[in-house]
Structure formats: structure tokens, C-alpha cells
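A.B. asks: Handing you a structure now.
Each reported figure results from applying straightforward, stated rules to the coordinates on display, with no laboratory input. Note that the structure is a prediction, hence the values are computed from the model and not measured. Counting neighbours? That spans all protein chains shown, and the Cβs are built from the backbone with ideal geometry, glycine included.
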Amino acid sequence: MPRLELRLAIGSAMSDWAKRISDLMGAVNAQWDTLKYHVNKALGIQEPVQIMPYLGYGTCETLHLKGRVLTDEGIKLREEDDSLWKNLVNMYRRFETDEIPDIQVYITVAGQEYHTVTDQEGFFETDINLQPALEGDRLWQPVKLRILTDKYPLASEQEEGEAILISDRTQFGVISDIDDTIMHTAATDLLRMIRIAYLGNERTRRPFPGVAEFYQALQDGATGNEGNPIFYISSSAWNMYDLFVKFLVFNGVPKGPILLRDIELAFDNLLSFEHELHKREHIDSILNRFPELPFILIGDTGQKDAEIYSQVAYDFPGRIKVIYLRNVTPGDELRLQTIENMMKPLHRQGTVYQLFPHTAIAAQHAAAQGWISSHAKEHVRNKTQNC
């Protein structure tokens with residue numbers, strides 16, 4: 001059987017298999033929700049609710065904030081050697097949460113109070129126009145969030161959030177993919193991807209060597225004090241948000257707004273990596289919010305990052321400094337040639353394309369362009385060589 005036909009046959013079989021498991025999981029989840037509702041009602045049990053603030057972004061005049069109000073499922077911080085079962089239970093709890101709609105969320109920024117309301121999925125999302133504008137030169141602005149309700153018990157009276165600020169010293173922004181760009185996900189290998197993405201935890205996930213140092217160098221910029229914001233985009237569900245945040249913290253990768261997808265607990269949904277629409281919505285929103293700011297886009301060759309990023313560069317001429325793509329498909333010459341042909345015309349409008357097998361190659365290019373310091377470039381190179 002030719003290679004292409006074999007891939008199509010395997011893909012079709014996997015799709016059918018995922019659909020059957022998805023239907024089963026959906027039925028089990030529905031029955032569990034019904035049983036849980038009746039048992040809790042009979043016993044008079046109400047689970048406490050919590051606010052999950054997502055990292056926001058903005059300027060001294062306007063902040064974009066998002067978060068979610070959910071029941072507290074008792075998700076625990078895991079160790080690297082935790083069992084598969086414990087990791088699976090944690091993952092199920094992430095997706096089994098009960099969202100709290102139509103509840104008032106009060107937001108306090110620098111003594112100014114605002115409020116918004118959650119939607120049917122428990123999300124709140126709002127733009128705050130600060131009056132007066134924030135003062136100072138900080139990179140992250142603290143945000144306090146609370147809810148007032150006598151309908152639900154509260155897991156805590158108040159939660160602390162943050163928003164990254166774009167200031168006059170900011171030279172560029174960075175938009176980065178997560179899966180197979182900053183950490184090993186094996187998105188091109190279904191079974192390995194399932195184990196890494198859904199059966200592991202925040203400590204078992206591994207960044208590529210030099211990623212933490214390179215991203216810190218990009219945030220610091222050539223002067224070391226630019227405060228360039230980094231936005232992370234993944235096709236994973238919002239339910240996995242806390243896992244991504246912990247991954248960044250544990251591995252020393254600079255934190256930044258993490259933009260995910262709202263998907264239901266169904267196996268075929270969890271395995272769906274339809275990048276184009278989801279990523280374009282987030283990327284376009286960021287570029288439109290900061291029309292004067294150029295951007296660096298970082299992705300990989302394994303999925304659709306090349307197609308998405310090249311189209312972004314066409315749609316926003318002059319805004320994209322460079323497209324960095326980690327080469328995770330070194331043996332696929334057809335894919336690499338397709339990407340090369342796709343990127344060549346972008347040079348005419350000032351967008352550079354750089355394929356890199358190791359993070360040090362991207363750091364070397366960035367230093368040559370004056371985007372990071374020479375010292376930072378050497379730091380990335382040393383970290384890469386030592387791994």
C-alpha cells in the first residue's frame with residue numbers, strides 16, 4: 001500500500017476509534033453528572049466555588065482580563081513519579097468541573113473596582129478602562145477578584161490575578177505555540193501525545209533545551225529591560241490552564257497570557273487539533289489590540305503553524321518581524337520544502353523565516369538582528385549544549 005494511502009487508512013481507523021470512545025465517555029459523564037446532582041441534593045451538599053483568574057494583558061490605560069468561576073474539584077499538585085491513575089484522576093477532575101453562570105465577579109485594580117458577569121460556561125471576559133491610568137514602571141499589575149453570593153459556599157474570599165503591561169520601553173511582542181514548540185508533546189504521534197498531554201502532569205512535561213533562557217532573553221530584549229510580552233497559544237482546553245501555568249513556573253519559562261480553547265469532555269474533542277480558526281482568533285485579537293507593536297511568531301513544523309503564521313504575515317504586512325519554526329519533522333522532506341516555498345515570498349514585505357533544529361539557532365539569529373543580547377545568546381547556547 002502506498003505511504004499516503006496507509007496514512008489515510010490509519011487516520012480513518014484512529015478517527016473511528018476515537019469517536020467510539022468519545023461516545024462512551026460522553027454517556028458515562030452524563031450519567032455521572034445526573035447521579036452526582038441527585039446525591040448532593042438529597043444530602044444537602046454544595047461544593048464550594050472558586051474563581052480561576054487567567055493571566056491578563058494590556059496597557060496602563062486598558063486591561064483585558066479573563067477567568068472562570070467553577071466548583072473546586074480539589075485538583076492536587078502532582079509529583080513527577082505519580083502513578084498514571086493519579087494523573088488520570090486529576091485530568092478527569094479538570095474536565096468534570098461544574099461551571100457557575102450568571103454570577104457577579106468584582107475586580108479591583110489599583111484601588112479601582114469594576115464588575116462583570118459570568119456566561120453560561122462560567123467564563124468572564126472584560127476590558128477595563130482605567131481612570132486614572134496606572135502609574136509606575138512594573139511589568140505585571142496585580143489584580144484582585146472576588147464574588148459575592150449567598151447561593152454557593154466559597155473556596156476563598158478573594159483570588160489574586162495579574163496582567164502583563166505593554167509600556168513605552170516595549171520593543172516587540174512574542175506569540176508562541178506550546179505543543180512541540182516549547183515542550184515535547186509528540187503531536188504527530190497520537191499514542192505518545194495522549195500519554196504526554198493527558199496522562200502526565202505538570203512535572204512530567206519537559207521543555208526543549210534552552211527554551212527558558214531564550215524566551216527570557218526575548219522578554220528582556222537587547223537592553224535587558226524591555227519587558228516584551230509573550231503570549232502562549234495552544235489548542236488544548238481551558239480546563240488544562242493551571243497545568244500550563246505550573247509547567248512554565250516549574251521550568252523557569254517566562255509566564256505570559258495563555259490562550260486556550262473551550263471544548264467539552266469528549267475524547268474526539270480532546271484529540272482535535274484544529275489550529276487554524278482558534279489560533280487566528282487569538283492572534284488577530286492581540287495584533288489588533290496593539291496596532292503599533294511588531295511581533296515575533298514561534299511555532300513548529302509538525303502541525304499548521306507555518307500555514308497560520310504565513311497568512312498572518314500577509315494579512316498584517318509589516319507587523320511580523322520573524323517566523324521561527326522548530327523542526328520537529330526532520331525526515332519529512334516534502335513538508336519542509338512546502339514550508340520553504342510558503343515562506344519565501346514573505347521576504348518582500350519584511351518578514352524573515354528561520355527554521356531551527358535547536359533553540360540555540362533561533363537565539364543566534366535573534367542576537368544577530370539585535371533583538372536579544374550577545375550574552376543571552378551564549379547563555380542559550382550553553383544550556384543547549386549541556387543537554
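A.B. asks: With just the Cα atoms defining each centre, how far is the stretch 283-298 from the stretch 139-176? Give it in Å.
C.D. replies: Cα centres, the stretch 283-298 to the stretch 139-176: 21 Å.
A.B. asks: Moving on. Tell me, what is the FRET efficiency for residue 315 and residue 369 to the nearest 0.05, using R0 = 22 angstrom and their Cβ-Cβ distance as r?
C.D. replies: It comes out at approximately 0.45.
A.B. asks: Run the numbers for residue 184 and residue 112: contour at 0.36 nm per residue of separation, minus the present Cα-Cα distance, in nm.
C.D. replies: The residue 184-residue 112 span can extend by a further 21.8 nm.
A.B. asks: Also: Gain in length, residue 156 to residue 293, computed as 0.36 nm per residue apart minus the alpha-carbon separation, to one decimal in nm?
C.D. replies: That pair, residue 156 and residue 293, stretches by 45.5 nm at full extension.
A.B. asks: For the stretch 273-387, treating each Cα as an identical point scatterer without solvent, what Debye log10 I(q)/I(0) comes out at q = 0.10, 0.11, 0.21 1/Å?
C.D. replies: -0.32, -0.38, -1.23
A.B. asks: Taking a threshold of 29 Å on the Cα-Cα distance, which of the pairs 279/344; 66/246; 255/344; 321/383; 66/304; 66/377 fall above it?
C.D. replies: In this structure, 255/344; 66/377 exceed 29 Å between Cα atoms.
A.B. asks: Right, something else. For 300, 150, what ranking results if the residue with the fewest other Cβ atoms within 10 Å of its Cβ goes first?
C.D. replies: By the 10 Å Cβ count, ascending: 150, 300.
A.B. asks: Moving on to the next point. Under a plain spin-label model, where a point goes 7 Å from the Cα along Cα-to-Cβ, how far apart in nm are residue 352 and residue 245?
C.D. replies: Output for this residue pair reads 3.5 nm.
A.B. asks: Can you compute the FRET efficiency between residue 337 and residue 127 using 1/(1 + (r/R0)^6), with r the Cβ-Cβ distance and R0 = 30 Å? Round to the nearest 0.05.
C.D. replies: For residue 337 and residue 127, the calculated efficiency is 0.10.
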